1. Just to be sure, is residue 158 within 26 Å of residue 126 (Cβ to Cβ), within 13 Å of the ligand (Cβ to nearest atom), buried (at least 18 other Cβ atoms within 10 Å of the Cβ) and modelled with pLDDT of 95 or more?
2. Run down 166, 171 and say which single residue is surrounded by fewer than 20 Cβ atoms within 10 Å (Cβ to Cβ) and in contact with a helix residue (DSSP H, G or I) (Cβ under 7 Å, 6 or more places away or on another chain).
3. Within region 92-100, is even one residue assigned to a strand (DSSP E or B) and under 16 Å from residue 216 (Cβ atoms)?
4. Does residue 127 qualify as being within 10 Å of the ligand (Cβ to nearest atom) and either more than 22 Å from residue 75 (Cα to Cα) or assigned to a helix (DSSP H, G or I) (or both)?
5. List pairs: first in region 210-223 and farther than 14 Å from residue 165 by Cβ, second within 6 Å of the ligand (Cβ to nearest atom) and part of a loop (DSSP other than H, G, I, E, B), Cβ under 9 Å, 6+ apart or cross-chain?
6. In region 188-214, how many residues are at pLDDT below 95, over 23 Å from residue 157 (Cα atoms) and in contact with a strand residue (DSSP E or B) (Cβ under 6 Å, 6 or more places away or on another chain)?
7. Restricting to region 95-122, count the residues that are within 10 Å of the ligand (Cβ to nearest atom) and under 24 Å from residue 36 (Cβ atoms).
Ligand code: SAH
């Protein structure tokens, strides 16, 4: 099924006016990338959550998507995307943790192709239906443990991990192109995690910590 223009446009709490308020809040919090702000004003976040909570879709909060997982807060999506795109446009990006599909959807409007992997089958199925309904044809998805990356489509100019591993999975480092950038929240579940940015150079890897964040756990195996 294709989402109708009315569904995409939304009404009331999902209307363009409500979305503009979300965009203004992102600007107030320091998001500057114009293209990204335009994309976040147009991607219908309310179609990435259950209808019962669609009226909250444009609040700056994480929301439940089932299976104990959450759709990331708009600010987290915006900031991570902004950092990923800091050095200019990217061709191929790998996302680990498809979840609702929202982060992949935003990215897909800004890069050439998005490859996204998810370990929970039911979430991936729902996300795929959304990509089809919205005709986001440059998103490719796979049901697997993202700790192994997706080597057949790599190396990637960008890698974004939306669940927190205790340490950076080696295969992801290997699948990062030279000059490529990875953004990943690293740390134990008990506390906060460090949003870590890694760049691959000809000599190796350089990394820095951006800020503390709280993400759902990165788990191994499929479910
Ligand atoms: N990017 C998502 C955020 C979802 S929450 C969105 O925009 O909605 C993080 C997701 O990572 C969850 O769906 C969880 O199941 C998934 N995840 C956790 N560990 C994973 C792993 N090893 N491989 C793939 N997905 C994983």
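The values are calculated or read from the model by the stated rules, or taken from the named source; none is laboratory data. Quick caveat, the model's predicted, so the values are computed rather than measured. Cβ placement follows ideal geometry from the backbone for every residue including glycine, while neighbour counts extend to all protein chains displayed.
1. no
2. The conditions single out 171.
3. yes
4. yes
5. So the pair list comes out as 222/119; 222/120; 222/145; 223/119; 223/120.
6. 3
7. 16
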